[in-house]
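Step one of this worksheet: look at the structure below.
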Amino acid sequence: MAGFPETGPIHAVRTRALARFPLAAAVCVLATSQACADGLGGALGFASDNVYRGLSLTADRPTWVLDLHYDLGPDWVAGLGGSAERLPRQSMGAQITAYVDRRWQLDADWAAKIGAVHYDSAGSIRGSGLNYDEVNAAIGYRGRWRASIALSPNTGAVYAARQTASGFGAWAELTYHQPIGDRFSADVGIGYADLAQSGVRNYRYGSTGLGYRVGDTYFYLTHTWTSPLVGAYPQQPYGYHSPTRTRWVASVIWSFQGS
């Protein structure tokens, strides 16, 4: 569907080449670009880092990512996803994501969606900081522009230097996708996170990237940046008042869609 916003995370898995950074957004885009009308679909990928909304969930280490979703008719889709996570001084664990989306094709150019997501951490001592719920909404134009907002009533403080009670969290993002010929594409995105009530300083993030497609396999090289955070673990090697953090992320994703 032209203009359709990405379907649930993965976020989906952490997805990223767009502003959801970067592996999670890429998986979402791939999952929905297959038209989801065929029923069962999914994606499997690997990346050099699990950067989600500007923050690394694997402490700058490689990650796997998995998405499995099912179309519940022309307007609804539900799915499960997973990705690696590794908090400081802990062994590798996993974050599991369950999501459901309601989609609308508003006209030939515009599409929209609303969704609900539950994130659950497995194998983490501080997993409660990564167990939270979220509602989100997005609108897309011709499959190029996409604006989204996500709200959580119980975002944990897992990103903070010290654990505090969970609180309200919000994220706003704007992304642009530009095909280049039959195989290449370019993506750029910006985002803003409001996590002050969960113990983390509000911050900005963004990315630019280049994608290449071979059949059902996609390769991405993405450059991301995140503004300074106070007490957030991805910045701890640089001190609590760290400078802007930038990193390169390489990823490969294979997607499938049943008939």
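The values are calculated or read from the model by the stated rules, or taken from the named source; none is laboratory data. Not measured: the values here are computed from a predicted model. Positions of Cβ are generated from backbone atoms using ideal geometry, with glycine treated the same way; all protein chains shown enter the neighbour counts. The area values use the complete protein model at the heavy-atom level, side chains included, leaving out ligands, DNA and RNA. Shrake-Rupley method; radii C 1.70, N 1.55, O 1.52, S 1.80 Å.
Restricting attention to region 187-218, which residues are more than 17 Å from G54 (Cα to Cα) and touching a Gly at 6+ places or on another chain (Cβ under 7 Å)? So that I can check it myself, show each step before the final result.
First, the residues of region 187-218 that are more than 17 Å from G54 (Cα to Cα): 197, 210-218.
Once the filter is applied, which keeps residues that are more than 17 Å from G54 (Cα to Cα) and touching a Gly at 6+ places or on another chain (Cβ under 7 Å), region 187-218 yields Q197, Y218.
Can you name the residue in region 196-206 that is touching a Ser or Thr at 6+ places or on another chain (Cβ under 6 Å) and on the phi < 0 side of the Ramachandran plot and, of all such residues, is surrounded by the most Cβ atoms within 10 Å (Cβ to Cβ)?
Of all residues in region 196-206, those touching a Ser or Thr at 6+ places or on another chain (Cβ under 6 Å) come to 198-199, 203-205.
Keeping just the survivors that are on the phi < 0 side of the Ramachandran plot gives 198, 203-205.
Details: S198: 22, Y203: 23, R204: 14, Y205: 25.
The qualifying residue surrounded by the most Cβ atoms within 10 Å (Cβ to Cβ) is Y205.
Are any residues in region 35-61 modelled with pLDDT of 95 or more and part of a loop (DSSP other than H, G, I, E, B), and if so, which ones?
Residue satisfying the conditions is S48 alone.
Take the residues in region 58-75 that are free of Cβ contacts under 8 Å to residues at least 60 places away in the same chain and crowded, with 17+ Cβ neighbours inside 10 Å; name whichever of them is nearest to R103 (Cα to Cα).
Quick first cut of region 58-75, residues free of Cβ contacts under 8 Å to residues at least 60 places away in the same chain only: 58, 61-64, 66-68, 70-75.
Remaining after also requiring crowded, with 17+ Cβ neighbours inside 10 Å: 58, 63-64, 66-68, 71.
On the way: T58: 31, T63: 29, W64: 27, L66: 22, D67: 18, L68: 18, D71: 11 Å.
Among those that are free of Cβ contacts under 8 Å to residues at least 60 places away in the same chain and crowded, with 17+ Cβ neighbours inside 10 Å, it is D71.
Restricting to region 90-121, name every residue that is out of contact with any Lys or Arg (no Cβ under 6 Å at 6 or more places or on another chain) and either of a type in the set (D, E, K, R) or not in a strand (DSSP E or B) (or both). Walk me through how you get there before you give the answer.
Step one: filter region 90-121 for residues out of contact with any Lys or Arg (no Cβ under 6 Å at 6 or more places or on another chain), giving 90-91, 93-100, 102, 104-108, 110-112, 115-121.
Q90, S91, R102, L106, D107, A108, D120 - these are the residues of region 90-121 that are out of contact with any Lys or Arg (no Cβ under 6 Å at 6 or more places or on another chain) and either of a type in the set (D, E, K, R) or not in a strand (DSSP E or B) (or both).
One line per residue, one yes/no per condition, for (1) under 30 Å from T155 (Cα atoms); (2) surrounded by fewer than 19 Cβ atoms within 10 Å (Cβ to Cβ):
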position	(1), (2)
D182	no, yes
D187	yes, no
G209	yes, no
V214	no, yes
L221	yes, yes
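For the structure I just gave you, tell me whether L87 is within 25 Å of L151 (Cβ to Cβ) and assigned to a loop (DSSP other than H, G, I, E, B). Lay out the reasoning, then the answer.
On the way: within 25 Å of L151 (Cβ to Cβ): yes; assigned to a loop (DSSP other than H, G, I, E, B): yes.
The answer is yes for L87.
Which of the residues spanning region 82-102 are under 25 Å from Y70 (Cα atoms) and either open to solvent by 30 Å² or more (accessible area, probe 1.4 Å) or at pLDDT below 85 (or both)?
I96, A98, V100, R102
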